[in-house]
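**Q** Mind looking over this structure? Questions follow.
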C-alpha cells in the first residue's frame, strides 16, 4: 500500500519536473540560457544540443553570449539560432556570438500565456492520470484481499492529498510564469 503511494508521488513529481522544463523554454523579457536548449547544431554530421558545443551565458537582462568551443562552429550556431522558432537575431563579433532578446509585445505575451496554460493543463492531466492508476492499483489490492476496505479508503485519501498538493504546485508555477510574462 505504501509502495503504491510512494510510486504515485514519484511519478507526479516527474510530471512537475517535466512541466518546469517546458515553461523555462518559453521566452520572457529576460535573457535565459535555457531557451536555447532545444536548438540542435550539426556537429560533424550529428545533431548536438547547443550547450554541448558552446558556453552560454546571460551577460545582462537582455543579452545572451555564446562562446563556441571551436571557432569553426560560430557560423553553424548563428545559423541554427536564426532559423529557430524563437525569433532571435544573433550578432557575431570574432568568435563570440551575442543574442539580444527583443522586448515582447502585448500580443506575443498573450500567446505565450495561452501556451503556459495549455502546458499547465497537460501537467494537471498527467498528475490526475497517476492518481487514477494508483487508485486502480489500490482497488486491485482490495479485490485480492491484500488490504482491507478501510486501508484502501485511507490510501485513496492519501493519494488525493498528494494529487491536490501537486496540482496546487502547478497552479503556483503557472501564476508565477504568467506574472513573469506580463512584467515589462
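Here, each number is a calculation from the coordinates, and none is a lab measurement. All values reported here derive from a predicted model rather than from experimental measurement. Every residue, glycine among them, receives a Cβ derived from its backbone with ideal geometry; neighbour counts consider all protein chains shown.
**Q** Sort 43, 19 by Cβ crowding within 10 Å, fewest neighbours at the top. The partial results should precede the final answer.
**A** Values: 43 17, 19 24.
In increasing order of surrounding Cβ atoms, one gets 43, 19.
**Q** When averaged across all projection directions, what area in nm² does the alpha-carbon convex hull of the chain cover? Please list the in-between numbers first.
**A** On the way: hull surface 52.1 nm².
With every direction weighted equally, the projected area is 13.0 nm².
**Q** Rounded to the nearest Å, what's the spacing between the alpha carbon centres of the range 40-96 and the range 132-169? Just the number, please.
**A** Using only Cα atoms, the two centres lie 48 Å from each other.
**Q** Find the relative contact order for the chain and round it to a whole percent, using C-alpha pairs within less than 8 Å whose residues are 6+ positions apart.
**A** On the way: 216 pairs, mean separation 47.9, N = 184.
Contact order relative to length: 26 percent.
**Q** Where does each of 72, 18 land when they are ranked from fewest to most other beta-carbon atoms within 10 angstrom?
**A** Details: 72 10, 18 13.
Starting with the residue having the fewest Cβ neighbours, the order is 72, 18.
**Q** Any chance you could give the angle, 0 to 90 degrees and rounded to 10, that helix 2-25 forms with the longest Cα principal axis of the chain?
**A** Helix 2-25 and the main axis of the chain meet at about 20 degrees.
**Q** In whole Å, what are the Cα extents of the range 82-146 along the three principal axes, biggest one first?
**A** Ordered largest first, the range 82-146 gives principal extents of 71, 32, 15 Å.
**Q** Starting with the fewest neighbours, write out 12, 101, 48 ranked by other beta-carbon atoms found within 10 Å of each beta-carbon.
**A** On the way: 12 26, 101 21, 48 16.
Going from sparsest to densest Cβ surroundings: 48, 101, 12.
**Q** So what is the orientation-averaged projected area of the range 33-100, using the convex hull of its C-alpha atoms, in nm²? Walk me through the numbers on the way to the answer.
**A** Numbers: hull surface 16.2 nm².
Over all viewing directions, the range 33-100 projects a mean Cα-hull area of 4.1 nm².
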